[in-house]
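Colleague: Please see the structure below; I have some questions.
Readers should treat all values here as calculations from the given coordinates under stated rules, not as data from a laboratory. Bear in mind the structure is a predicted one, so any value in this text is a computation, not a measurement. Positions of Cβ are generated from backbone atoms using ideal geometry, with glycine treated the same way; all protein chains shown enter the neighbour counts.
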Amino acid sequence: MAIIVQKFGGTSVANAEKIRQAAERVIKTVKNGYQVVVVASARGKQTDGLIADALELNPNPPKREMDQLLSTGEQQSVSLFAMALDAMGYDAISFTGGQIRMLTTSDFTKAQIKSIDAERIHKQLDQGKIVIVAGFQGIDEDENITTLGRGGSDTTAVALAAALGAKECDIYTDVDGVFTTDPRIFKKAIKVEQISYDEMLEMASLGAGVMHNRAVGFGKKYDVKIHVRNSAKEIEGTIITHEVPQMEGIVVSGATIQKDMAKIGLVGLDNVPGIAARIFSCLAKAKVVVNDIVQTEIGPEKANLSFMVGSADLATAKEAVEQIKDELNCEHIFIRDDIAEISVVGVGMRSHYGVADKMFSTLSKANINIDSITTSEIRISCIVDKEQAEKALEAVCIAFELDKPAEERTKAG
Ligand code: ADP
Ligand code: ASP
Ligand code: MG
């Protein structure tokens, strides 16, 4: 019997009525002849509420205790989901991450999955049960509860789909699928029928919160078909899949906005071997994830270096570089946390010219200053002032016609 994993996000299990609706969807899939594994997130904005509770007692809560606390949100959802199914006459059993031995690293608040015990789940499915697993959480080697980072239930779902050899992983959420950009910010954004893993991975890493980036990475690595869809509607959503030749014809598939970030610049460093290595080993030791590293020689003896970090890591990163500032002969450290990143993404950029030109002239026409620019093969990103970021996103979306279906857009280059 084929297995389908169905993940329900926070809004899709926010109250009893929503849980019942989600349970009906699961039952329908069971009636269609599938074994179903459900992954549930914490209800509504519960994770935000728990974080606020923690911060009220301690502005810098120990990360292990944070995970111990945050995992309780998902634990409530799964038991309630199982109770709802039971009331509807279906046999269901809920598990925490620890109970299915979702083994992770010990990087509290951003742990990575190492392995999953699929046997326990198969055994329950084979007994005719619907299995409900708490998203977002696991345990480390010492049985400490860990969490996978905000939005991490998507990763639980896709990793489970891979471990169970599921036919498909459905991500039920509060929008119709993946849009050309966040539809809450750019109202004219349109739903994309299909998107490649690589594009979705870039978009998710650049702020498209509809999917957790690591979930997409798992999907690509283990060949999991991911279907992002609306839990409140009976319509097809977006399929995230391997690249097909037609995708190359679409120059820009989507645009993103990333606000929770900061830039750290180290000015006037000694231009000698080993400086960058020293800085990034220090940041790695502090478990800070860095992006967009730029180093430039500013003369034979001096260099400047800058990099981006998530807002949550800013204080730790700042402390780490301040500790080695003198050792590096660094003239000064500057920090900008009033910035945001606007990006355009598309596999078609590999074979079309003119994308950078259009992006920069659009921002120029909108009178938006670009702080810095980074690119990859399939994306262009600009750092702009946070207060101008939404205006910048809108201008870019209109320039790249992200309010129109791909086949109606004029080609760039
Ligand atoms: P869930 O609780 O179901 O996991 P999330 O809030 O994590 O839901 O993700 C859904 C939200 O992602 C949407 O409400 C939307 O505002 C946001 N989002 C950001 N970028 C995109 C995009 N490109 N397409 C669709 N939704 C997006
Ligand atoms: N509840 C967690 C969060 O709000 C995980 C998730 O929803 O995916 O980030
Ligand atoms: Mg989410």
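Colleague: Can you spot a residue in region 50-58 that is within 11 Å of ligand 2 (Cβ to nearest atom) and out of contact with any Pro (no Cβ under 8 Å at 6 or more places or on another chain)? Talk me through it step by step, then tell me what you get.
Modeller: To start, the set of residues in region 50-58 that are within 11 Å of ligand 2 (Cβ to nearest atom) comprises 50-51.
Retained after the next criterion (residues that are out of contact with any Pro (no Cβ under 8 Å at 6 or more places or on another chain)): 50-51.
There is at least one residue in region 50-58 that is within 11 Å of ligand 2 (Cβ to nearest atom) and out of contact with any Pro (no Cβ under 8 Å at 6 or more places or on another chain).
Colleague: Tell me which of these PHE280 doesn't satisfy, since it passes every other one: (1) within 23 Å of the chain's Cα centre (by Cα); (2) among the aromatic types (Phe, Trp, Tyr); (3) not in a strand (DSSP E or B).
Modeller: With (1) within 23 Å of the chain's Cα centre (by Cα); (2) among the aromatic types (Phe, Trp, Tyr); (3) not in a strand (DSSP E or B) applied to PHE280, the lone miss is (1).
Colleague: Right, something else. Going by the conditions given, is PHE360 more than 19 Å from LYS263 (Cα to Cα) and surrounded by fewer than 19 Cβ atoms within 10 Å (Cβ to Cβ)? Give the steps one after another, and end with the answer.
Modeller: Values: more than 19 Å from LYS263 (Cα to Cα): yes; surrounded by fewer than 19 Cβ atoms within 10 Å (Cβ to Cβ): yes.
Against the criterion (more than 19 Å from LYS263 (Cα to Cα) and surrounded by fewer than 19 Cβ atoms within 10 Å (Cβ to Cβ)), PHE360 qualifies.
Colleague: Any idea which of VAL26, VAL36 is outside any helix (DSSP H, G or I), surrounded by 24 or more Cβ atoms within 10 Å (Cβ to Cβ) and more than 14 Å from ligand 1 (Cβ to nearest atom)? Write out each step before concluding.
Modeller: Numbers: VAL26 fails: outside any helix (DSSP H, G or I).
Answer to the selection: VAL36.
Colleague: Mind checking which residues of region 244-279 are more than 18 Å from PRO405 (Cβ to Cβ), in contact (Cβ under 8 Å) with a residue 40 or more places away in the chain and among the hydrophobic types (A, V, I, L, M, F, W, C)? Before you say what the answer is, go through the steps one by one.
Modeller: Step one: filter region 244-279 for residues more than 18 Å from PRO405 (Cβ to Cβ), giving 245, 256-279.
Next, from what is left, pick out any that are in contact (Cβ under 8 Å) with a residue 40 or more places away in the chain: 256-270, 275, 278-279.
Answer for region 244-279, where residues must be more than 18 Å from PRO405 (Cβ to Cβ), in contact (Cβ under 8 Å) with a residue 40 or more places away in the chain and among the hydrophobic types (A, V, I, L, M, F, W, C): ILE257, MET261, ALA262, ILE264, LEU266, VAL267, LEU269, ILE275, ILE279.
Colleague: OK, next. Looking at LYS18, LYS63, which one is basic (Lys, Arg) and closer than 26 Å to SER231 by Cβ? Talk me through it step by step, then tell me what you get.
Modeller: Working: LYS63 fails: closer than 26 Å to SER231 by Cβ.
Testing whether each residue is basic (Lys, Arg) and closer than 26 Å to SER231 by Cβ leaves just LYS18.
Colleague: Here is a further query. Just need a number here: residues in region 369-389 that are outside any strand (DSSP E or B), within 21 Å of MET349 (Cβ to Cβ) and not charged (D, E, K, R).
Modeller: Step one: of region 369-389, the residues outside any strand (DSSP E or B) are 369-371, 377-378, 386-389.
So of that shortlist, the ones also within 21 Å of MET349 (Cβ to Cβ) come out as 370, 377-378.
Applying the additional criterion that residues be not charged (D, E, K, R) yields 370, 378.
Counting residues in region 369-389 that are outside any strand (DSSP E or B), within 21 Å of MET349 (Cβ to Cβ) and not charged (D, E, K, R) gives 2.
Colleague: With respect to VAL26, is the statement that it is under 19 Å from GLN127 (Cα atoms), under 23 Å from the mean Cα position of the chain (by Cα) and away from ligand 3 (no atom under 16 Å from the Cβ) true? Quick ask: steps written out before the conclusion?
Modeller: Numbers: under 19 Å from GLN127 (Cα atoms): yes; under 23 Å from the mean Cα position of the chain (by Cα): no; away from ligand 3 (no atom under 16 Å from the Cβ): yes.
Judged against the criteria, VAL26 is not a match.
Colleague: Now for a separate question. Select, from ILE235, ILE257, the only residue that is on the phi < 0 side of the Ramachandran plot, among the hydrophobic types (A, V, I, L, M, F, W, C) and not in a loop (DSSP other than H, G, I, E, B). Working first, answer last.
Modeller: On the way: ILE235 fails: not in a loop (DSSP other than H, G, I, E, B).
Going through ILE235, ILE257 in turn, just one is on the phi < 0 side of the Ramachandran plot, among the hydrophobic types (A, V, I, L, M, F, W, C) and not in a loop (DSSP other than H, G, I, E, B): ILE257.
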